[in-house]
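Laboratory data are not the source of any read-out in this text; all were calculated from the coordinates shown. From a predicted model like this one, the values you see are computed outputs, not experimental measurements. A quick note on method: Cβ atoms are made from the backbone with ideal geometry, for glycine too, and the neighbour counts reach across all protein chains shown.
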Number of protein chains: 2
Amino acid sequence: MSIEIITIGDELLIGQVTDTNSAWMSRQLTAVMMPIVQHTSIHDDAEQIKKAVNAALERADVVLLTGGLGPTKDDITKHTLCEIFSTRLVHSQEVEDNINRLWYQRNRKVINPLTATQALVPENCEVIQNEVGTAPIMLWEWDNDDKKKILISMPGVPYEMQYAITNHVIPRLQQEFPNETIALHHTTIVEGIPESALALQLEQWETSLPDYMHLAYLPAQGLVRLRLDAVSKQYSQDELRQQLDQQVTQLTDILGDAIIAQEDDALEVVLGKILKSKGQTIATAESCTGGTIASLLAKHAGSSEFYLGSVVSYSNEVKHNVLGVSLSDLEQYGAVSEPVVRQMAEGARRVVGADWALATSGIAGPGGGTADKPVGTIWIAVSGPDGTTAKCLHLGTLREQNILRTTQSILAMAIRMIR
Amino acid sequence: MSIEIITIGDELLIGQVTDTNSAWMSRQLTAVMMPIVQHTSIHDDAEQIKKAVNAALERADVVLLTGGLGPTKDDITKHTLCEIFSTRLVHSQEVEDNINRLWYQRNRKVINPLTATQALVPENCEVIQNEVGTAPIMLWEWDNDDKKKILISMPGVPYEMQYAITNHVIPRLQQEFPNETIALHHTTIVEGIPESALALQLEQWETSLPDYMHLAYLPAQGLVRLRLDAVSKQYSQDELRQQLDQQVTQLTDILGDAIIAQEDDALEVVLGKILKSKGQTIATAESCTGGTIASLLAKHAGSSEFYLGSVVSYSNEVKHNVLGVSLSDLEQYGAVSEPVVRQMAEGARRVVGADWALATSGIAGPGGGTADKPVGTIWIAVSGPDGTTAKCLHLGTLREQNILRTTQSILAMAIRMIR
């Protein structure tokens, strides 16, 4: 079986909203071995929706739509689906009850007439209740030349779509399309080797891979994620897993210390797991990264087990008053210097009372550079039970890129030191 | 003229990477009045690339491709373009010189053989130098039934693509397709009214809009962005601007205090502009948001003019030791309480030495809730020269959603108070 995703909304095509739904859905569906053929984003336009749906149905067995189900004028997906499936809107008491229940929970007792229109559904679709929002989920299932086809339309609000995929769409598709093909993936994260050098180093091994295995290179922010895919109808899941593991062992032997992690997790998740396994804690002192490392450490559930807190010392006063950085060092060496970043890390470790602390101080740009310290000069330090290590990064001139790259570099440095 | 964007890469279809390129390009192109018809993401697969390119060329005048130009085996875009345009790869000395220059800058003197293959380009394309990366940009221009068609292939690395769009693609397209249609947009950000209630409130005004104007509703994280589009060949840019401004004035009269901003900026940018205009500064004390507000305030160039620093007090020790929150209040009322969030805000204002401070303390979930304080119970406070205001949010059970929603709520609260 194969799936296509169509996201609907003018806001996507003018770039006001980034389509994060397609990637999220693809991740979930790939994990249960349902391959995605294509993502398409189109306008709230009936003709365009019809053409995109028909084209997708030619390529895939299942078409998933999100967006255009709101109660306002610009939302036309439901009406267009009625045209596609030659039907009309009818009132659903079940949907109205669901909407009333949600509005009652949210402390508004009487729903307004526009929200009430959400209870109108296409007569020939199968309605799936949306337990977390007012727009119902609509499903059509039919046969085309003895091939089963399914179309599902969901709201574009990410958490409503996510709830629908997890609780309704995946279970239903698993039931409708029992698996034949096995697809397994393994990701190895490498730091410190550029993509092309890595490819040369791996050339011989990569060429020797069986034809049902494939290596993909995903470079980003100074890291390369190597994803090894194994797709087969011939082997059982256990057999394929074993073969994949053997290849990963060979890959690991070739790359050695350049490997940061053997999982497709964000680096802060990798670091969090290491800290949890050791029962240790961490803090950050951030200047140029401005709390980005803190927000990543705090983002995931359970982070309070290892993450205690941070000081974002954007001004020199905070560096001195809160973190205890020496005023004379700030004056003599400047805020972007080895002595200052070391004292920031040590100060955060002391003030927050953590086993480890990460510190950053640099010129993220676009302004603020000098001949001595051009934009992209960034000091990072990791302080721990055995002392403090600092290093200087020489990055580019793009602010956002510099912040992201610094964050990944210091997380990689911490993983190496703490592990 | 019209444009389609095709992003190429298996990583997009398995959801390992979210396609942010399409939204970024669409934003830049829309700003110069070049409308985008469709976004398509496809695999590194020659047949699929050919079909997608042909379909896009039927709908649009210009097709922009990103991705699949790396030096490794999984990158096949360049070879496929040779098939589409019936040509072969030839060596370009100009591209090789550019690659050598970049590698010299990055302190690696001899390029490796794989990177050297980046200097091979399709014989019949126009090569545009990529000043920030090793993969060249390729352009084809031809006539199809007297209609001009252009295809441009760019690297998928976001900052390389961004450099190409800004410095090469937009200037070239402006030259090739002088503007006929004028398209203007205005965004008004509204807080505190659900989308459907807003639509009812605006119904009469919205119905009276001329047919070349259109209102779109973009709800997200407790805000609704109302985007008013005006698209016309009939009026000059000045005339259309004047008409749009008149409609915005009417909209503003209807919505009054519910309006947070009259620009399509992130709320932290709106807040930053207000602070800069007043010459005032801000700090944050964050518990459940874990540095997210700090990282947003620090994200944009020039933020050091108004943003001084933050304390992320994830643990109670940091709340007490660094921010001076009373231990007895922490014990009596708990960390998620009005007295604690007020003391956090006041402590951050004092410790950082800022005019204003924002504080958050809540149960983001998924764990940690009690009968008294279920997951989603979040206290926020804004402290300023005239005292401190606190309020309690009652959000849902999704951690990431709660962090984002809290961040938007407190930024909106600060904008209202400081303005």
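What FRET efficiency do you get for B:Asn179 and B:Val127 if R0 is 25 Å and r is their Cβ-Cβ distance, rounded to the nearest 0.05?
0.40
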By the Cα gyration tensor axes a ≥ b ≥ c (a/c under 1.5 gives rounded; else a/b larger than b/c gives prolate, otherwise oblate), the shape of region A:3-176 is rounded
Of all C-alpha pairs within region B:267-418, those more than 24 angstrom apart amount in percent to 25
Amide H neighbours of A:Val325 at under 5 Å, excluding residues fewer than 5 places away on the same chain, with H built from the backbone geometry, are A:His320
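Does the protein assembly as shown come out rounded, prolate or oblate by the C-alpha gyration tensor, with a ≥ b ≥ c the root eigenvalues, rounded set by a/c under 1.5 and, if not, prolate when a/b is larger than b/c and oblate if not?
rounded
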Non-local residues with an amide H under 5 Å from the amide H of B:Ile182, with H modelled 1.01 Å from N and Pro and chain starts lacking one, are B:Ser232, B:Lys233
Along region B:138-154, Karplus-curve 3J(HN,Hα) (6.51, -1.76, 1.60; θ = phi - 60°) to the nearest Hz, with x for Gly and Pro, reads 10, 10, 10, 10, 7, 9, 10, 6, 6, 9, 6, 10, 9, 10, 10, 10, 10
Ranked from fewest to most other Cβ atoms within 10 Å of their own Cβ, B:Thr289, B:Thr388 fall in the order B:Thr388, B:Thr289
Quick note, region A:320-382: a/c under 1.5 would make it rounded; otherwise a/b > b/c is prolate and the rest oblate (a ≥ b ≥ c, C-alpha gyration tensor); here it is prolate
Fewest to most Cβ atoms within 10 Å: B:His79, B:His168 sort as B:His79, B:His168
Expressed in Å to one decimal, the Kirkwood Rh of region A:113-196 from all distinct alpha-carbon pairs is 16.0
Taking chain A and counting helices only, DSSP H stretches of n ≥ 4 at -39,500 (n - 2.57) each over all residues, the nearest-500 ellipticity at 222 nm comes to -12000 deg cm²/dmol
Cα-based Debye curve of chain B sampled at q = 0.08, 0.10 Å⁻¹ gives log₁₀ I(q)/I(0) of -0.62, -0.89
Of the listed links A:Lys148/B:Lys148; A:Lys373/B:Lys273; A:Lys273/B:Lys319; B:Lys148/B:Lys233; B:Lys78/B:Lys148, those spanning more than 32 angstrom between alpha carbons are A:Lys148/B:Lys148
One decimal, nm, nearest first: from A:Val248 to the same residue in each other copy, label points 7 Å out along Cα→Cβ, the values are 5.4
Rounded to one decimal in Å, the inverse mean reciprocal Cα-Cα distance for region B:11-58, i.e. its Kirkwood radius, is 12.2
If exposed means GluC sites (Glu not before Pro) lying in a DSSP loop and surrounded by at most 15 other beta carbons within 10 Å, then the longest stretch of chain A lacking such sites spans residues A:264-419
The percentage of Cα-Cα pairs in region A:182-261 separated by more than 15 Å is 54
One finds the C-alpha centres of region A:322-346 and region B:267-318 to be spaced, in Å, by 22
Each label sits 7 Å from Cα toward the beta-carbon; between B:Glu331 and A:Tyr104 the label points are separated, in nm, by 4.4
Copies of B:Gly302 compared via label points 7 Å along Cα→Cβ give distances in nm, shortest first, of 4.4
In whole Å, largest first, the alpha carbons of region B:379-419 cover along the principal axes 34, 16, 10
The lysines whose Cα lies under 21 Å from the Cα of B:Lys276, excluding any fewer than 8 residues away in the same chain, are B:Lys299
Final fewest-first order of B:Asp19, A:Asp145, B:Asp229 on the 10 Å Cβ neighbour count is A:Asp145, B:Asp229, B:Asp19
Log10 I(q)/I(0) at q = 0.14 Å⁻¹ for region A:175-331, from Debye over equal alpha-carbon scatterers, is -0.87
Taking a crude spin-label model, label points 7 Å out from Cα along the C-beta direction, the A:Ala301 to A:Met417 distance in nm is 3.2
Filtered hits (aspartates and glutamates, Cα-Cα < 18 Å from A:Lys278, offset >= 8 within chain) -> A:Glu268, A:Glu305, A:Asp355, A:Asp386
Expressed in angstrom and rounded, the centroid-to-centroid distance over alpha carbons for region B:354-380 and region A:134-180 is 35
at A:Asp372 the sorted inter-copy label distances (label 7 Å from Cα on Cβ side), in nanometres, are 5.5
Among residues of chain A, the one whose beta-carbon sits nearest the axis that rotates A onto B, given with its distance in integer Å, is A:Gly291, 2
With Cα springs under 10 Å, the Gaussian network model of chain A assigns the largest mean-square fluctuation among A:Ser295, A:Ser310, A:Ser361 to A:Ser295
Here region B:405-419 yields Karplus 3J(HN,Hα) values (6.51, -1.76, 1.60; θ = phi - 60°; whole Hz; Gly and Pro given as x) of 5, 4, 4, 5, 5, 6, 5, 5, 4, 5, 4, 4, 6, 7, 5
The rounded separation in angstrom of the Cα centers of region A:211-249 and region B:76-99 is 29
Across A:359-370, the residue-averaged tally of Cβ atoms belonging to other chains within 10 Å stands at 1
Under the Karplus relation with 6.51, -1.76 and 1.60 and θ = phi - 60°, whole-Hz ³J(HN,Hα) for region A:4-13, x at Gly and Pro, equal 10, 10, 10, 9, 10, x, 3, 4, 6, 7
Contour minus Cα-Cα span, A:Leu200 to A:Ile274, at 0.36 nm per residue, comes to 23.5 nm
